[in-house]
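Heads up: the structure comes next, in structure tokens.
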Amino acid sequence: MALSPRKRARISRGIQYAVLAVLVVAILLAVDFGELKRAFWNTEVIAEMFPDVLTVALKNTIIYTACGFSFGLVLGLVLALMRLSSVGPYRWVATGFIELFRGLPALVVFIALTFGIPLAFPGRLVPGGTLGVVTLALGLVGGAYMAETIRAGIQAVPKGQMEAARSLGMSHTRAMVSIVIPQAFRIILPPLTNELILLTKDSSLIYVVGLAAGAQELTKFGRETMNSTNNMTGLVVVGLLYLVITVPLAIVVRRMEARAERAR
Amino acid sequence: MMTEPAIDRSAAAIDVQDLHKYFGDNEVLKGIDFHVDQGQVVCVVGPSGSGKSTLLRCVNRLEEPTSGRIVVEGVEITDPDVDVDKVRSRIGMVFQQFNLFPHLTVLRNLTIAQQRVRRRSKDEAVEVARTNLAKVGLADREDAYPAHLSGGQQQRVAIARALSMSPDMMLFDEPTSALDPELVGDVLDVMRDLASEGMTMMVVTHEMGFAREVGHKLVFMDGGVIVEEGDPRKVLADPQHERTQAFLSKVL
Ligand SMILES: Nc1ncnc2c1ncn2[C@@H]1O[C@H](COP(=O)(O)OP(=O)(O)OP(=O)(O)O)[C@@H](O)[C@H]1O
Ligand SMILES: [Mg+2]
């Protein structure tokens, strides 16, 4: 009996779903949930973590990331404009800077700022304490990445936009600020979000400075909990809290993209 | 302090003298002399690559002339000390590809330069913008984004945007070439109205009908030189030069 292509597609999809369901059930049956729960989801440990995991750790992760990202964005914009400048030395400095901080692991930057600065300038620390170090380190690394993204975004804005703005009498700077850069940022919203999410996770590297209790962010807090309770629950909880930051962020950005799309 | 060169509205609107323009080794304008009087509509025609756009873009210095002088209302704009932003704010320009600002509403497209360059208050800018939108027949579309308009509507917004700066003259670079044929008429109507109000206009176009009907002067360019110029009706009916004849026989 010949089957129509549509029927055949439906049957094949049905088989795929069935195989998937069998697999999931098999895994669930094989898992020892009692053991899993004791190791990763211990309610006593969870109860102990609150409220500090929110009021200290989550809050610090958000503050560190926000400061680092903001500084990085400004730095990235400046570097991008330098890369596009007609002045040779600006371009060279920006290129060198970008290649340096894109290439170095973020951890190395954190260590260099924490321990290198006091050695290089005796008696001096990065101003602003812990927050100063995170802001600077995340900003340098993030800025170097974002500079190239922003430059590409600016170059993706059609040349006619700058010409139209100039033909209305706007200066180059005014045209950049009012016409070109806003359009560039719409184009590069997805990669910028990506960078923000990466920085959220990189903010954990601040542990190298040796954090006071009030300055702990999520990862450090989770590890401390893990050590003191001899149980993995602490890490599971902070892992979920990272998702609490990044998933809504992704949703907000998707909404913004959809809105920008409508204006296009 | 920079001395402000005096604008002289009794002088020729545009006076181009021995203009040369190179792109690298490629000489695109090979000594152009021509002028546009106040209130005149000058149409520039010629084959592709003859330098029409380059000439037009030199007049508001979107292209830097290699040598020669361009004097706009008595102000030598080729003078390196001249404030080119100020010059441009008096010369409206309309592009083939419209170049509206896609991230701004129609109204904002018309007000942004008025406020940032002309330093008009928001209320004044909005009022001027609405007047000009009404003039191009789009009073009801001020909240739309450019992407939601047809090509013909976008081009009329672009004209209104240029007019909102209250320019002394308007440059058009093939304003209807990117439009579907049925939308060309609306844009030409707007330009015809402008001409009848006495606006000084320099129009690069392939619309010979418009040139014949509205133009005071027709300039035929080929290979970076002006081959022939004169009354559009005369030039179109009885071209003197062989190259003009060849070109017109193809487009008419
Ligand atoms: N930015 C540029 N760099 C290099 N060459 C250019 C540039 N702009 C124009 N040209 C060259 O200059 C010549 C004249 O170009 P222009 O755009 O002025 O011609 P046009 O008469 O406007 O042609 P069309 O009818 O196709 O618009 C062409 O050969 C073109 O390739
Ligand atoms: Mg052209």
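The values are calculated or read from the model by the stated rules, or taken from the named source; none is laboratory data. These numbers were taken from a predicted model, which means no experiment stands behind them. Glycine gets a Cβ as well: all are built from the backbone with ideal geometry, and neighbour counts include every protein chain shown. What goes into the accessible areas is simple: the full protein's heavy atoms, side chains included, and nothing from ligands, DNA or RNA. Shrake-Rupley method; radii C 1.70, N 1.55, O 1.52, S 1.80 Å.
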What span do the alpha-carbon atoms of chain B cover on each of the three principal axes, reported in whole Å from largest to smallest? 53, 52, 35
Given bins 10 angstrom wide, list per bin the percent of all Cα-Cα distances in the stretch B:117-223, short to long. 13, 44, 32, 9, 1
Tell me the per residue accessible area of the stretch B:102-166 using a 1.4 Å probe; a whole number in Å² is fine. 41
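Do any GluC sites (Glu not before Pro) in the stretch B:126-214 lie in a loop, going by DSSP, with at most 10 other beta-carbon atoms within 10 Å of their beta carbon, and if so which? Before the final figure, lay out each step's value.
Numbers: sites: B:Glu127, B:Glu142, B:Glu182, B:Glu197, B:Glu207, B:Glu213; in loops: B:Glu142, B:Glu197, B:Glu207.
Those that pass, being in a loop and sparsely packed, are B:Glu197.
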DSSP loop trypsin sites (Lys or Arg not before Pro) with at most 14 other Cβ within 10 Å: longest gap in chain B: B:120-252
Do any residues of the stretch A:163-177 lose at least 30 Å² of accessible area when the full set of protein chains is present rather than just their chain alone, and if so which, with a 1.4 Å probe? A:Glu163, A:Ala164, A:Arg166, A:Ser167, A:Leu168, A:Gly169, A:Met170, A:Arg174
Relative contact order in percent for the stretch A:125-213 (Cα pairs under 8 Å, 6+ apart) equals 40
Can you give me the three principal axis dimensions of the stretch A:41-263 from its C-alpha atoms, in Å, biggest first? 68, 50, 24
Computed log₁₀ I(q)/I(0) - Debye formula, equal Cα scatterers, no solvent, the stretch A:1-94, q 0.15, 0.21, 0.23 Å⁻¹: -0.81, -1.06, -1.09
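Grab the eigenvalues of the alpha-carbon gyration tensor for the stretch B:130-170, scale each by 5, take roots, and send me the semi-axes largest first in whole angstrom.
Numbers: eigenvalues 63, 24, 12 Å².
In descending order the semi-axes read 18, 11, 8 Å.
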Label-to-label distance, nm, for residues given as A:Phe40 and A:Leu3 (7 Å Cα→Cβ offset): 3.6
Cut-off under 20 Å on the C-alpha distance; same-chain residues fewer than 8 positions from B:Lys30 excluded. Which lysines are left, in chain and number order? B:Lys21, B:Lys52
Suppose we compare each residue of the stretch B:59-106 in its chain alone and in the full protein complex with a 1.4 Å probe; which ones drop by at least 30 Å² of accessible area? B:Leu62, B:Asp85, B:Arg88, B:Phe95, B:Asn99, B:Phe101, B:Pro102, B:His103
Pull up the DSSP beta bridges for chain B and report the antiparallel fraction as a percent, rounded to 5. 55
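Using the Kyte-Doolittle scale, which helices in chain A average at least 0.5 and also have C-alpha atoms spread 24 Å or more along the helix axis, with helices defined as whole DSSP H runs? If you can, show how the numbers build up before the last one.
Details: long enough: A:5-30 (38 Å, 0.96); A:59-83 (35 Å, 1.34); A:129-156 (39 Å, 1.09); A:233-262 (44 Å, 1.15).
Helices passing the filter in chain A: A:5-30, A:59-83, A:129-156, A:233-262.
Tell me, what is the per residue accessible area of the stretch A:41-263 in Å², probe radius 1.4 Å? Show your work: numbers first, answer last.
Details: 10880 Å² over 223 residues.
I get 49 Å² per residue for this part.
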What does the C-alpha gyration tensor say about the overall shape of the stretch A:83-201? Classify as rounded when a/c is under 1.5, otherwise prolate if a/b is larger than b/c, or oblate. prolate
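Rounded to the nearest 20 Debye, what is the dipole magnitude of chain A about its Cα centre when Lys and Arg each give +1 and Asp and Glu each give -1 at the C-beta?
Details: 25 positive and 14 negative charges, 290 e Å.
The dipole of chain A has a size of about 1400 debye.
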Choice from A:Gln216, A:Gln161, A:Gln16 showing the highest fluctuation, given a GNM over chain A with Cα pairs closer than 10 Å: A:Gln16
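What number, in percent, do you get for the relative contact order of chain B if the mean sequence gap of Cα pairs under 8 Å and at least 6 apart is divided by its residue count? Present the calculation step by step, with values, prior to reporting the outcome.
Details: 467 pairs, mean separation 64.6, N = 252.
For chain B, the relative contact order is 26 percent.
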Per DSSP H run of n ≥ 4, the term is -39500 (n - 2.57); total these for chain B, divide by its residue number, and report the mean residue ellipticity at 222 nm rounded to 500 deg cm²/dmol. -10500 deg cm²/dmol
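What is the percent carbon and sulfur in the accessible area of the stretch A:41-263, measuring with a 1.4 Å probe over the protein chains and ignoring ligands?
On the way: 7220 of 10880 Å².
That share works out to 66 percent.
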Excluding same-chain residues fewer than 8 positions from A:Lys201, which lysines have a Cα within less than 20 Å of its Cα? A:Lys59, A:Lys220
Two-decimal ratio, the stretch B:1-128, of alpha-carbon radius of gyration to 2.2 N^0.38 Å: 1.19
Reference-scaled alpha-carbon Rg (2.2 N^0.38 Å with N residues) for the stretch A:151-264: 1.59
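Pairs of Cα atoms under 8 Å, at least six residues apart: use those to get the relative contact order of the stretch A:41-186, whole percent.
Numbers: 137 pairs, mean separation 45.0, N = 146.
In percent, rounded to a whole number, it is 31.
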Cα atoms only, the protein assembly as shown: Rg and Dmax in Å? 32.0, 99
Rounded to the nearest percent, how much of the accessible area of the stretch B:160-252 (1.4 Å probe, protein heavy atoms only) is carbon and sulfur? 46
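For chains B and A, what's the summed buried accessible area, probe 1.4 Å, to the nearest 100 square angstrom? Provide the component values of the computation, followed by the final result.
On the way: alone 11610 and 15770 Å², together 25470 Å².
Protein heavy atoms only, the B-A interface buries about 1900 Å².
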Regarding the stretch B:102-166, what are the three Cα extents along the principal axes, ordered largest first, in Å? 31, 23, 16
